[in-house]
Amino acid sequence: MTQIQFNNALLGLSDRLHYYALSLTTNSEKADDLLQETFLKALTYRDKFRPDTNFKAWMYTIMKNTFINDYRRNAKTKKKFDGTNGDFHLIFSQDKVYPAPDSLYSTKEINKNIDELEKEYKVPFTMFLDGYKYKEIADKLELPLGTVKSRIFFTRKKLTKSLKEYSNN
């Protein structure tokens, strides 16, 4: 499939994909964002499309997987907002224990140690902490999956060693 054929097929599915995005998100703005992210992924990974497969199904799968990954990433953060008086305030869970001052110090120390890492280790590790999956990190950084896994593993070991005084052992 040529670039022009690919783009025409992509634009031809625009309305259908938008309706599908609306059915997934139930929100017009989020549906627009999901559609845009799906188009971006399709264009980025155009070389992964095989001409002997169903283009429409491929696009729907990209959208569904993007929605699921975003949902999981957002579920990890579990931030709730209250729209009182048009202002947004975090609603803190009543059963949650809030950090003590000494743990804030250790958080600063951990972040300092992360910032001191070499870029090749720091970037994949911070992406992992932000909720990205190994495969997503590998794709974004254009690295082999095994390299990403080993860099995150070795970063954990290095941080564990340098922050030994903060461990519960």
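What follows is calculated from the coordinates using simple rules that are stated; it is not laboratory data. For clarity, every value in this text was computed on a predicted model and none was experimentally measured. Quick reminder, even Gly has a Cβ in these numbers, built from the backbone with ideal geometry, and neighbours come from all protein chains shown.
Principal axis analysis of the Cα atoms in segment 101-163 yields extents of 39, 20, 15 Å, listed in decreasing size. Ordering Leu145, Leu34 from the fewest to the most neighbouring beta carbons within 10 Å gives Leu145, Leu34. Computed from phi, the 3J(HN,Hα) profile of segment 153-158 under the Karplus parametrisation 6.51, -1.76, 1.60 (θ = phi - 60°) reads 4, 5, 5, 4, 4, 5 Hz, with x in place of Gly and Pro.
In plain terms, the residue of Leu40, Leu159 with the fewest other Cβ atoms within 10 Å comes first and the most crowded comes last, giving Leu40, Leu159.
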